[in-house]
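**Student:** Shown below is the structure under consideration.
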Amino acid sequence: MITIQDLCDILDNKISNQVQKSIIRNNFPPQIAEQMCDAIDRKERAEHLMRLFKECMEFQQKQQQTIQAFLQQYNNR
């Protein structure tokens with residue numbers, strides 16, 4: 001489950017990425033800067049996707065544990 005700390009980390013990362021992109025745009029030619037900023041955006045999206053995947057896997061694991069516990073209790077009757 002996503003915690004308050006996770007949300008703070010996401011926000012910190014977003015702010016850091018925006019600062020990095022601003023620095024890049026101010027120090028590189030537009031075409032190169034755009035490619036570098038796109039790479040930062042893709043990395044950020046990949047991190048969000050991985051977090052979602054992790055959340056789904058944790059949920060699925062808890063669900064399987066619940067079903068197994070129920071079946072074990074049901075079979076012991």
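**Student:** Considering only segment 41-59, state which residues are touching a residue at least 12 places away in the same chain (Cβ under 8 Å) and farther than 18 Å from Asp12 by Cα.
**Tutor:** Glu55, Glu58 - these are the residues of segment 41-59 that are touching a residue at least 12 places away in the same chain (Cβ under 8 Å) and farther than 18 Å from Asp12 by Cα.
**Student:** Report yes if some residue within segment 35-44 is surrounded by fewer than 14 Cβ atoms within 10 Å (Cβ to Cβ), acidic (Asp, Glu) and assigned to a helix (DSSP H, G or I); otherwise report no.
**Tutor:** Yes, because at least one residue in segment 35-44 is surrounded by fewer than 14 Cβ atoms within 10 Å (Cβ to Cβ), acidic (Asp, Glu) and assigned to a helix (DSSP H, G or I).
**Student:** Taking the residues in segment 9-35 that are acidic (Asp, Glu) and closer than 19 Å to Arg51 by Cβ as candidates, determine which candidate is modelled with the lowest pLDDT.
**Tutor:** By that ranking, first place goes to Asp9.
**Student:** A further question on this structure: Restricting attention to segment 1-47, and to residues there that are in contact with a helix residue (DSSP H, G or I) (Cβ under 9 Å, 6 or more places away or on another chain) and of a type in the set (Lys, Arg), which single residue is nearest to Glu58 (Cα to Cα)?
**Tutor:** Top of the filtered list is Lys43.
**Student:** Sticking with this structure for a sec: Among the residues of segment 46-77, which ones are surrounded by 10 or more Cβ atoms within 10 Å (Cβ to Cβ) and among the charged types (D, E, K, R)?
**Tutor:** Glu47, Arg51, Lys54, Glu55, Glu58, Lys62
The values are calculated or read from the model by the stated rules, or taken from the named source; none is laboratory data. Predicted model only: the values in this text are computed from it and were never measured. Quick reminder, even Gly has a Cβ in these numbers, built from the backbone with ideal geometry, and neighbours come from all protein chains shown.
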